Amino acid sequence: MTTRSWTLLHQADNTRTDHTVITPQDLGVDGAWKIEKRTLHGGLSEGVDEIRVNNGKLTFSILPTRGMGLWKAWLGDLEIGWKSPVHGPVNPAFVNVGEPSGLGWLDGFDELLVRCGLESNGAPEFDKETGRLKYPVHGRIANRPATHVSVTVDTTTQEITVRGIVEETRFHFLKLRMVTQFSTRFNDSSLTIHDEIENFSAGPAEMQMLYHANFGLPLLDGGSRVVCPAKTVVPRNDRAASGIRTWDSFPAPEAGYEEMVYFLELYAADDGWTRTVLKNAHSTQGISLVFNKRQLPCFSLWKNTTAENDGYVTGLEPGTNFPNPRSYEGEQGRVVKIDGGKRAAFLLTLEIHPTSKDVADAEAAVHKIRAGRDAQVWDKPQPGWCS
Amino acid sequence: MTTRSWTLLHQADNTRTDHTVITPQDLGVDGAWKIEKRTLHGGLSEGVDEIRVNNGKLTFSILPTRGMGLWKAWLGDLEIGWKSPVHGPVNPAFVNVGEPSGLGWLDGFDELLVRCGLESNGAPEFDKETGRLKYPVHGRIANRPATHVSVTVDTTTQEITVRGIVEETRFHFLKLRMVTQFSTRFNDSSLTIHDEIENFSAGPAEMQMLYHANFGLPLLDGGSRVVCPAKTVVPRNDRAASGIRTWDSFPAPEAGYEEMVYFLELYAADDGWTRTVLKNAHSTQGISLVFNKRQLPCFSLWKNTTAENDGYVTGLEPGTNFPNPRSYEGEQGRVVKIDGGKRAAFLLTLEIHPTSKDVADAEAAVHKIRAGRDAQVWDKPQPGWCS
Amino acid sequence: MTTRSWTLLHQADNTRTDHTVITPQDLGVDGAWKIEKRTLHGGLSEGVDEIRVNNGKLTFSILPTRGMGLWKAWLGDLEIGWKSPVHGPVNPAFVNVGEPSGLGWLDGFDELLVRCGLESNGAPEFDKETGRLKYPVHGRIANRPATHVSVTVDTTTQEITVRGIVEETRFHFLKLRMVTQFSTRFNDSSLTIHDEIENFSAGPAEMQMLYHANFGLPLLDGGSRVVCPAKTVVPRNDRAASGIRTWDSFPAPEAGYEEMVYFLELYAADDGWTRTVLKNAHSTQGISLVFNKRQLPCFSLWKNTTAENDGYVTGLEPGTNFPNPRSYEGEQGRVVKIDGGKRAAFLLTLEIHPTSKDVADAEAAVHKIRAGRDAQVWDKPQPGWCS
């Protein structure tokens, strides 16, 4: 056989494996890849499911318990991710997303890539009249455990796929189901995330998605740059405006640094595909995010170059919207409407660039998309962009 | 021996069985009954305890982790319950009852029968001055794990009893302990719930209880009717008033249908016993709720005949009160006062009617209670009934 | 070897023992001591880690899952602790510290000694403008699971040490790490808690700590007294003022008794060390809290001599502050400032006095500290002391 699948977790069948290792031997073939499902124990991680995929070259860790988030990745000695002052992964049972402040989500934030949505993402929003929390920061999906997880290995296409289902539902309210697939090929240095959001209600729904991809040392260092086909750059607030001249480069860790956020529209190829590259100061290592502007028209850049212990990190964030409060984004039309029974799809590829040559190639791809077009860089927040 | 008991869970003794099966062989007798205690795994159900009782004819599922709620029941091919868009059972660790909106309870709502209480039930209530949540929708008891669970089988009386203890306590505030018993007889098609609520404080307490019994397809279908000895019927709001002429019948699933709720006083026999029947369109199958008006004077009918995927369901809800906000019900005197060290008791029997003959018998029992007396059906909300 | 250590839990290494017993045999020596790590099961205790240390004479129970709190202790037949109407220990997954009321913490309150902090302790505080919860009652540390736990036995010094690490962190906000050590000597009747709070941020932080040590029957009974070198005694409110003449003695359980709280400054020896004794009515048994006023300048006395079922208890509470709302205490300067990368240390010893002689010795130690100095006892709340 060339394809084989394993169900690792299925709530409806009362199935959950505590520990599973899948190797080429299970398919009677040779190869250096390996897939391991573990259960984490101790402290805030108690009971968290983790799936670690090693394609023979690239290793990455998926967290079914945390909405199929991507915890970390490794390419040889290069660790991709960041050092959050929150030491996770954190079981959602210990995260109070609905805390009155709307900030409880921050207690579980330490992933390389965390999805923000689905009802909403962005800054918390409060009812104008009562002052009560309406939308917690960055939404609920990252703290919902997957109800179905399976792995498929195809020795013909040389592809490993991890599929998960996460539901964000509330009786009388939203009924969304995310079917996500992480796929990678043997000995490749990239992985692709393919998310389909199904509105399984009979009525229409609105949703938001923002992929909060976070990078610290060593990809981010003093002198790192983000290279992207920027069409428009808008500082989120006066603080970000004060750093507009260096919006695309990063300083070394600095205690007390207050975050700066920029909202961008990118140029894209005719078919909508576009790319953003983060590279280190010496352009020797980097990473690309490849996505489609038709699915993810907004791009936010979060610069949080504070001290290492406080979380030296940048967020590259393709989204359906900017992370303003939900109602503001709704007024701007930056939500996705899905009819009953229909789906919306999102694709995001992470390509890791371990050499100068790879970085140069990725930059060339950005320049090709840009095609000599200029960026409009605003020196202050713009109406319609910033709440 | 004719009676034997098994302790399945006892927090104070650090006892909890992961998996236990009890069959007639354990008592050295013949019989088709079976009791199985399982632990559910995967997604939102991770760690949920379930007890499935099969009396030889009727099977039902009890959820100790969810306040000894009744998840589902089966009589041959007939499944009793409903398809909630929330796919549970949901571990309370993933339900934020205290979310500022007061609506977090909805994230765990998928049971056939869920108790609403004990401090309060009904619509969420907020402090008038500060706007802060005072009483979350339908209270806390359904999301409190049982601290003691045992099973008793008596081969002489042919009775299976599952007993559970659930506490709803807060230091400085309420100290209530619910002792519930689910009992059924070998090869019977009914089960009885006997709840005693003990106020173990030295001082007096107030409580509310509402049995939220929920039915979808196939018992509920287009043309289903509720047959009950209605004395008074009051629509909860204008929406319900608009459907008052058909308050006791149900349409087929309809996308976007907005719920209608009716508050009823029922006639009862001299000893207080009364009955409500739900039957399908062809009167070939049905279910009765049998309870005592002296314990549960209020009856609410919830019609939520929306699309199947959104939760096509009706709730038959005997209660100590109507599900208005707690303070309003208190002003109307619809709370139960329990002196320190005293108890209040509630009995509720579910009789399943698998044939036309059974349905007809149940309807006859309702008519006997009604004894030719008319119902007063109000065409708009009434003061003292509707907040 | 004379020293040996065991790691019982380490989140970062995915290590957690379900059940471990350590005895003198493990070190090849004789002795009556024993250390047992168990996992609790059933109800609200499901999954709670407990470490029970028996030094040959004194036994005490530590709860890693509840922030390394001290659950109970036993000296022969004498149980130290209290009977809370909350029947724990309660897994933090079932405690909503962030409930809008700020009172969710009360759902898990049943320990002999619970730390209140670290961001704040005391009464809940709400934003003046929006009414939203800012600081929940008594803070978060007691509901944070330890991320590292180890045990060390030194047969030379005859000391058993249980070490735990608990983090109270939120991205963008506080980054505090508590390293606690419980130590006791073979066959001794005391235990010492040594807490170091590290601010692992690069920037400065503020913290509070209050050790909420709680005692019920039999140490607390009608006629019990607290003996301490009081310099100043201030009733928290009018209710406490009404009982000021008997502030240091305790009545028998009385249904409906409303709590009284007193704020004290104590005299201390020149090196800062001071002591508070609680003794029973006949002065035959007691307990001392020994601590340093330079670390813990405030002492609060909580008298809650209500009915036994409602929690007959007194709290002896050395702290960095009084349990007023956080902002008020900040205005009075009663917070601890810790520079980035620095630590604050707190020591607290509990000495159990099983005989009249031991009680008399402890009282003599208090009198020596007092050195004949009088207490100023205020008959009403004082500005700067009471919010």
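In region B:210-228, which residue that is aliphatic (A, V, I, L, M) and in a loop (DSSP other than H, G, I, E, B) is farthest from residue B:277 (Cα to Cα)?
B:217
What are the pairs with Cβ atoms under 8 angstrom where one residue, in region A:80-92, is facing another protein chain (nearest Cβ under 7 Å) and touching a residue at least 24 places away in the same chain (Cβ under 8 Å) and the other, located anywhere, is part of a loop (DSSP other than H, G, I, E, B) and of a type in the set (D, E, K, R)? Sequence gap at least six, or different chains.
Sorted first by the residue in region A:80-92, then by its partner, the pairs are A:84/A:110; A:86/A:110; A:86/C:170; A:87/A:110; A:92/A:144.
Provide a single number: the residues in region A:113-123 that are surrounded by fewer than 23 Cβ atoms within 10 Å (Cβ to Cβ) and either closer than 23 Å to residue A:165 by Cβ or in contact with a strand residue (DSSP E or B) (Cβ under 6 Å, 6 or more places away or on another chain) (or both).
So in region A:113-123, the residues surrounded by fewer than 23 Cβ atoms within 10 Å (Cβ to Cβ) come out as A:119, A:123.
Narrowing the set further to residues that are either closer than 23 Å to residue A:165 by Cβ or in contact with a strand residue (DSSP E or B) (Cβ under 6 Å, 6 or more places away or on another chain) (or both) leaves A:119.
Within region A:113-123, residues that are surrounded by fewer than 23 Cβ atoms within 10 Å (Cβ to Cβ) and either closer than 23 Å to residue A:165 by Cβ or in contact with a strand residue (DSSP E or B) (Cβ under 6 Å, 6 or more places away or on another chain) (or both) number 1.
Could you please let me know if residue C:102 is in contact with a Pro (Cβ under 6 Å, 6 or more places away or on another chain) and more than 8 Å from every other protein chain (Cβ to nearest Cβ)?
yes
Report whether or not residue A:189 is touching a Pro at 6+ places or on another chain (Cβ under 8 Å), of a type outside the set (Phe, Trp, Tyr), over 30 Å from residue A:46 (Cα atoms) and in contact (Cβ under 8 Å) with a residue 40 or more places away in the chain. Explain how you work it out, then say what you get.
Details: touching a Pro at 6+ places or on another chain (Cβ under 8 Å): yes; of a type outside the set (Phe, Trp, Tyr): yes; over 30 Å from residue A:46 (Cα atoms): yes; in contact (Cβ under 8 Å) with a residue 40 or more places away in the chain: yes.
Yes.
If I go through region B:339-387 residue by residue, how many of them are among the charged types (D, E, K, R) and part of a helix (DSSP H, G or I)?
So the count comes out to 6.
Which one of the conditions (1) within 19 Å of the chain's Cα centre (by Cα); (2) open to solvent by 10 Å² or more (accessible area, probe 1.4 Å); (3) among the small types (Gly, Ala, Ser) does residue A:164 fail to meet, given that it meets all the rest?
If we test residue A:164 against (1) within 19 Å of the chain's Cα centre (by Cα); (2) open to solvent by 10 Å² or more (accessible area, probe 1.4 Å); (3) among the small types (Gly, Ala, Ser), just (2) comes out false.
Whether any residue in region A:351-361 is in contact with a Leu (Cβ under 7 Å, 6 or more places away or on another chain) and not aromatic (Phe, Trp, Tyr) is what I want to check.
Looking through region A:351-361, at least one residue is in contact with a Leu (Cβ under 7 Å, 6 or more places away or on another chain) and not aromatic (Phe, Trp, Tyr).
Please work out which one of (1) within 30 Å of residue A:136 (Cβ to Cβ); (2) open to solvent by 30 Å² or more (accessible area, probe 1.4 Å) is the condition residue A:357 fails and give its number.
All conditions pass for residue A:357, except number (1).
So, restricting to strands (runs of 3 or more DSSP E) that lie completely within region B:1-68, which ones have at least 3 residues that are within 14 Å of chain A (Cβ to nearest Cβ) and not hydrophobic (A, V, I, L, M, F, W, C)?
B:34-39, B:49-54
Looking at A:341, A:319, A:311 in this structure, which one is at pLDDT 95 or above and more than 30 Å from residue A:60 (Cα to Cα)?
That would be A:341, the only listed residue that is at pLDDT 95 or above and more than 30 Å from residue A:60 (Cα to Cα).
Here are B:212, B:172: which of them is within 14 Å of another protein chain (Cβ to nearest Cβ) and either at pLDDT below 95 or open to solvent by 40 Å² or more (accessible area, probe 1.4 Å) (or both)?
B:172
What single numbered condition from (1) more than 11 Å from chain A (Cβ to nearest Cβ); (2) touching a helix residue (DSSP H, G or I) at 6+ places or on another chain (Cβ under 8 Å); (3) of a type outside the set (Asp, Glu); (4) not in a loop (DSSP other than H, G, I, E, B) fails to hold for residue B:74?
(2)
All but one of (1) more than 21 Å from the chain's Cα centre (by Cα); (2) more than 22 Å from residue A:172 (Cα to Cα) hold for residue B:253; which doesn't?
(2)
Please count how many residues of region C:54-74 are surrounded by fewer than 24 Cβ atoms within 10 Å (Cβ to Cβ) and among the aromatic types (Phe, Trp, Tyr).
Count: 2.
Of all residues in region B:125-136, count the ones that are within 11 Å of chain C (Cβ to nearest Cβ) and surrounded by fewer than 24 Cβ atoms within 10 Å (Cβ to Cβ).
Residues of region B:125-136 that are within 11 Å of chain C (Cβ to nearest Cβ), as a first pass: B:126-127, B:129-136.
Checking the rest, the ones that are also surrounded by fewer than 24 Cβ atoms within 10 Å (Cβ to Cβ) come to B:126-127, B:129-132, B:134-135.
Adding up the residues that qualify gives 8.
Which residues, taken from region C:75-112, are open to solvent by less than 20 Å² (accessible area, probe 1.4 Å), on the phi > 0 side of the Ramachandran plot and over 19 Å from the mean Cα position of the chain (by Cα)?
C:102 - this is the single residue of region C:75-112 that is open to solvent by less than 20 Å² (accessible area, probe 1.4 Å), on the phi > 0 side of the Ramachandran plot and over 19 Å from the mean Cα position of the chain (by Cα).
If you take the residues in region A:337-358 that are in contact with a Pro (Cβ under 9 Å, 6 or more places away or on another chain) and not β-branched (Val, Ile, Thr), which one is nearest to residue A:201 (Cα to Cα)?
Among those that are in contact with a Pro (Cβ under 9 Å, 6 or more places away or on another chain) and not β-branched (Val, Ile, Thr), it is A:340.
Identify the residue in region B:1-23 that is free of Cβ contacts under 8 Å to residues at least 24 places away in the same chain and not hydrophobic (A, V, I, L, M, F, W, C) and, among all such residues, is farthest from residue C:46 (Cα to Cα).
In this case the residue turns out to be B:23.
For region C:314-338, which positions are among the acidic types (Asp, Glu) and either more than 21 Å from the chain's Cα centre (by Cα) or not in a strand (DSSP E or B) (or both)?
C:329, C:331 - these are the residues of region C:314-338 that are among the acidic types (Asp, Glu) and either more than 21 Å from the chain's Cα centre (by Cα) or not in a strand (DSSP E or B) (or both).
Of all the residues that make up region C:181-199, how many are surrounded by 18 or more Cβ atoms within 10 Å (Cβ to Cβ) and either farther than 30 Å from residue C:30 by Cβ or within 14 Å of another protein chain (Cβ to nearest Cβ) (or both)?
The qualifying residues number 4.
The values are calculated or read from the model by the stated rules, or taken from the named source; none is laboratory data. Just so we're clear, the structure is a prediction, and the values are computed from it rather than from any experiment. Backbone-built Cβ (ideal geometry, glycine too); neighbour counts: all protein chains shown. Note: areas computed on protein heavy atoms with side chains; ligands, DNA, RNA excluded. Shrake-Rupley method; radii C 1.70, N 1.55, O 1.52, S 1.80 Å.
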